Amino acid sequence: MNRTLTINGSEKTFADSQWPVSVADLLGKLQIDQATVVAEIDGQIVERNRFSETPLHHGQQIELIRFVGGG
Amino acid sequence: MTALMIAGKEFTSRLFIGTGKYASNSLMAEAIAASGTQMVTVALRRVDIDNENDDMLAAIDRNKYQLLPNTSGARDAAEAVRLSRLARAASGINWVKLEVTPDPYYLLPDGTETLKAAEVLVKEGFVVLPYIHADPILAKKLQEAGCVTVMPLASPIGSNQGLRTRESIEIIIEQATVPVVVDAGLGAPSHAAEAMEIGADAVLVNTAIATAADPVQMAIAFKQAVQAGRLAYEAGMAPASKKAHASSPLTGFLRNET
């Protein structure tokens, strides 16, 4: 059965074999450098040192945020 | 020139730099270095999960520059608090430039939401530098709430109109017990010098440098203008008057007085 995550507002579907087991795994699959982002799951911040131990569940809202230039 | 203290940290440069709108990270890094700044602002945005994202922080030496994450994009207090917490989680830094700008056309700050957010953030241990309209009463309330500076705008963000709020900023400077940083709208080095001459403790500049034809040279121009303005303020400006006051002696003219 396929499961979904809403990542930065867009829904992503994962086959069981592709399901990311943790935040760190998700970032790896998306080819995003862990050191440069902060994550929020259903409105709760996940500290970077907990990325690999934080599991993901079907239907969660994930925000992946990074620093950009700004004034 | 005296140093500036904010929240126990010393700044010998009174020019703060925004990092938006640069054509490249390397140009940004060069302009930052040329400006002599010790404080740079950054923003938080969603990662683009379908494209490669460059890591702009890699271009900023965090041992050299105090990073000041902003809450740009926040439309109310709750969004600003959320962004501040994310910024702290992302950077480990608890300094935040608090900005709440519900109106996308003029990007003017919402004073009541800013105060509400500041009260929450100060309680949570953040070092809060709020961006505000040049409102002396609001500045006082934010100072009482525990903000470490107030940052009144010169004119709308990115407008390059200069110090349109001068009279109100003068009142803020007269009354504030925390440093006053003039932020937004300074489009030319002379605008920055003017803000410093009237006693601002520092200025924050982004657009005027980042979008100049030569941002590195413009960074140097702002650096010198800020230094000149501060030196003039500390030297004590000679008063203005309507009538002329001769600089040369009014005696010994080459004519016979009748």
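Quick note: the coordinates plus some simple rules give every number you see, no bench work behind them. Quantities reported herein were computed from a predicted structural model and do not represent experimental measurements. Here the Cβ is made from the backbone with ideal geometry for all residues, glycine too, and neighbour counts use every protein chain on show.
For the stretch B:195-258, which chymotrypsin sites (Phe, Trp or Tyr not before Pro) pass both filters: DSSP loop (anything but H, G, I, E, B) and at most 10 other C-beta atoms within 10 Å? Write down the numbers at each step before the final one.
Details: sites: B:PHE222, B:TYR233, B:PHE253; in loops: B:PHE253.
Within the stretch B:195-258, the qualifying chymotrypsin sites (Phe, Trp or Tyr not before Pro) (loop, at most 10 other Cβ atoms within 10 Å) are B:PHE253.
Run the numbers for B:GLU10 and B:ASP54: contour at 0.36 nm per residue of separation, minus the present Cα-Cα distance, in nm.
That pair, B:GLU10 and B:ASP54, stretches by 12.7 nm at full extension.
For the protein assembly as shown, what is the convex hull volume of its Cα atoms per residue in Å³?
Each residue corresponds to 157 Å³ of Cα convex hull volume.
Stretch B:LYS243-B:ASN160 to full length: gain in nm at 0.36 nm per residue minus the Cα-Cα span? The partial results should precede the final answer.
Numbers: separation 83, 0.36 × 83 = 29.88 nm, distance 3.27 nm.
Additional length available on full extension: 26.6 nm.
Please list, ordered by chain and number, the residues whose modelled amide H lies under 5 Å from the amide H of B:MET39; skip anything fewer than 5 residues away on the same chain.
Excluding prolines and chain starts, which carry no amide H, the hits are B:ILE17, B:GLN66.
Fewest Cβ neighbours within 10 Å first, please rank B:THR165, B:THR112, A:THR13 accordingly. Mind showing how you got there, number by number?
Values: B:THR165 21, B:THR112 12, A:THR13 9.
The most exposed by this proxy come first: A:THR13, B:THR112, B:THR165.
If you place +1 on the Cβ of every Lys and Arg and -1 on the Cβ of every Asp and Glu, how big does the dipole about the Cα centre of chain B come out, in debye to the nearest 20?
Values: 23 positive and 28 negative charges, 83 e Å.
The dipole of chain B has a size of about 400 debye.
Report the longest stretch of chain B that contains none of the GluC sites (Glu not before Pro) sitting in a DSSP loop with at most 11 other Cβ atoms within 10 Å. Walk me through the numbers before you get to the answer.
Numbers: sites that count: B:GLU52, B:GLU257.
My reading of the result: B:53-256 is the longest stretch.
Using only C-alpha atoms and all pairs of different ones, pull out the Kirkwood radius for chain B in Å with one decimal.
On the way: mean 1/r = 0.0521 Å⁻¹.
Averaging 1/r across every pair of different Cα atoms and inverting gives 19.2 Å.
In nm, give the distance between the simple-model label positions of B:ASP214 and B:ALA232, each being 7 Å from the Cα along the Cα-to-Cβ direction.
According to this spin-label approximation, the distance is 2.4 nm.
Calculated from DSSP H runs of 4 or more alone, at -39500 (n - 2.57) each and per residue, what is the 222 nm mean residue ellipticity of the protein assembly as shown, nearest 500?
-9000 deg cm²/dmol, from helical runs alone.
What list do you get for B:LYS97, B:LYS223, B:LYS123 if you sort them by fewest beta carbons within 10 Å?
Fewest-to-most ranking of B:LYS97, B:LYS223, B:LYS123: B:LYS123, B:LYS223, B:LYS97.
Below 8 Å, C-alpha to C-alpha, sequence gap of six or more: please give me the relative contact order for chain B in percent.
Details: 493 pairs, mean separation 46.4, N = 258.
After rounding, I find 18 percent.
Helix B:111-123: angle to the longest alpha-carbon principal axis of chain B, degrees 0 to 90, nearest 10?
For B:111-123 against chain B, the angle is about 70 degrees.
Using the charge dipole of chain B (Lys, Arg: +1 at Cβ; Asp, Glu: -1 at Cβ; taken about the Cα centre), state which of B:ILE60, B:THR207, B:LEU163 has its Cα farthest towards the positive end.
B:LEU163
With a 10 Å Cβ neighbour count serving as the proxy for reagent exposure, in which order, fewest first, do A:HIS57, B:HIS133, B:HIS191, B:HIS245 appear?
B:HIS245, A:HIS57, B:HIS133, B:HIS191
Counting pairs of alpha carbon atoms under 8 Å apart in space and at least six apart in sequence, what relative contact order in percent does the stretch A:3-66 give? All intermediate terms of the calculation are to be shown ahead of the outcome.
Details: 96 pairs, mean separation 28.4, N = 64.
In percent, rounded to a whole number, it is 44.
I need the calculated FRET efficiency for the pair B:ASP103 and A:ASP33, taking r as the beta carbon distance and R₀ as 56 Å, to the nearest 0.05.
On the way: r = 35 Å, r/R0 = 0.63.
Computed FRET efficiency for B:ASP103 and A:ASP33 comes out at 0.95.
Calculate, in nm to one decimal, what B:ARG46 and B:GLN175 gain on full extension: separation in residues at 0.36 nm each, minus their alpha carbon distance.
42.5 nm
Which of B:LYS9/B:LYS97; B:LYS9/B:LYS116; A:LYS29/B:LYS97; B:LYS223/B:LYS243 have a Cα-Cα distance over 27 Å? Walk me through the numbers on the way to the answer.
Details: B:LYS9/B:LYS97 16 Å; B:LYS9/B:LYS116 25 Å; A:LYS29/B:LYS97 33 Å; B:LYS223/B:LYS243 34 Å.
Listed pairs above 27 Å: A:LYS29/B:LYS97; B:LYS223/B:LYS243.
Which aspartates and glutamates have a Cα less than 15 Å from the Cα of A:LYS12, not counting those fewer than 8 places away in the same chain?
A:ASP25, A:GLU63, B:ASP48, B:ASP50
How big is the charge dipole of the stretch A:3-66 about its Cα centre, in debye rounded to the nearest 20, if each Lys and Arg gets +1 on its Cβ and each Asp and Glu gets -1 on its Cβ?
Details: 6 positive and 9 negative charges, 23 e Å.
Once rounded to the nearest 20, the dipole reads 120 debye.
On C-alpha positions alone, give me the angle between the axis of helix B:215-235 and the longest principal axis of chain B, in degrees, nearest 10.
Result, in degrees: 50.
If I build a Gaussian network model for chain B, linking alpha-carbon pairs within less than 10 angstrom, which residue out of B:ASN51, B:ASN63, B:ASN25 has the largest mean-square fluctuation?
Ranking B:ASN51, B:ASN63, B:ASN25 by mean-square fluctuation puts B:ASN51 first.
Mind checking the dipole of the protein assembly as shown: about its Cα centre, +1 per Lys or Arg Cβ, -1 per Asp or Glu Cβ, Debye to the nearest 20? Write down the numbers at each step before the final one.
On the way: 29 positive and 37 negative charges, 123 e Å.
That gives a dipole near 600 debye.
Search the structure for amide H atoms under 5 Å from the amide H of B:GLY185, placed 1.01 Å from N in the peptide plane, and list their residues when 5 or more places away or on another chain.
Here the answer is B:SER155, B:GLY158, B:SER159, B:ASN160, since their amide H atoms fall under 5 Å of that of B:GLY185.
Could you give me the ³J(HN,Hα) list for the stretch B:161-168, computed from phi with Karplus coefficients 6.51, -1.76, 1.60 and θ = phi - 60°, whole Hz, x at Gly and Pro?
Result, ordered by residue: 7, x, 7, 7, 10, 3, 4, 5 Hz.
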